[in-house]
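The values are calculated or read from the model by the stated rules, or taken from the named source; none is laboratory data. Since we're looking at a predicted model, the values are computed, not measured. FYI the Cβ positions are ideal-geometry reconstructions off the backbone, even for glycines, and counts take in every protein chain you see. Surface accessibility is based on the protein's heavy atoms, side chains included, excluding ligands, DNA and RNA. Shrake-Rupley method; radii C 1.70, N 1.55, O 1.52, S 1.80 Å.
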Amino acid sequence: QSSEFNEAKENGDLKLNLNRAPVLVTPEGKTIGQSKAIERYLARRFGLMGQTPEEEGMIDCIAEHCRDVKDAARQKGFSKFTRNKTDEEKAEARKEWFDNDMPAMLMKIEEAVKETSEADGYSFGASTTYGDVAIWALLRDCFPADLEDTTKAAEKCVMLNAIADQIQSNAGVSKYLAERPASMF
């Protein structure tokens, strides 16, 4: 653990998130923990959650579908952090995930988005939402070692790829990607 992290724990800066990262301190000085809570807070703050509670629920549903894909990949157990499998077992699980499981899950999301999208490049309605950002993160901002296989798994998902491309081409996203600190994650 870094000295900054340990100092934040000792100072109580992480208390609201059970002494874990991440936390976000709002302009009003309020601390928010939990990555998904932070994502939803920022999406609301920047107008990416729709105009009504129903729209917010539908947009959040799309983001949760993306989280389901990430959770299923973790449960498949092929990451370098998996300890109870041999390298051969991990390789087989990885192949099964990217060849079969992930493409099937992505096609289900593709079908759902066909019901909520009103324009190419958008998962809900006809403007950028948190759902679009979640799809982009799933398909384009994944672990670099998984990008080629993720791209192949999503090759039949025309709408999802259009959404990911729309977010990828956003000037703010491009700037962020160019300037964000390097991370093992």
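What the table below lists for this structure:
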read-out	value
Selection from T128, A8, A73, by position along the positive dipole direction of the chain (Cβ)	A8
Max mean-square fluctuation residue, GNM over the chain, Cα-Cα springs under 10 Å, options V158, V133, V113	V158
Rounded to the nearest 10 Å², the accessible area of D120 at probe 1.4 Å	140
Whichever aspartates and glutamates have a C-alpha closer than 18 Å to that of K90, once near sequence neighbours (fewer than 8 apart) are set aside	D71, D99, D101, D146, E148, D149
For the chain, average projected area of the Cα convex hull in nm²	12.2
Those lysines that a straight Cα-Cα span of less than 28 Å connects to K175, excepting residues fewer than 8 apart in one chain	K30, K36, K70, K152
Furthest towards positive pole of dipole, S117, A104, A137, structure part region 93-185, Cβ charges	A137
Residues of region 127-177: accessible area per residue with a 1.4 Å probe, Å²	50
Histogram of C-alpha separations across region 1-75, 5 Å bin width, %	3, 14, 18, 17, 17, 15, 10, 4, 1
Choice from L14, L48, L160 showing the highest fluctuation, given a GNM over the chain with Cα pairs closer than 10 Å	L14
Per residue value of the accessible surface for region 1-89 (all protein chains in place, 1.4 Å probe), Å²	71
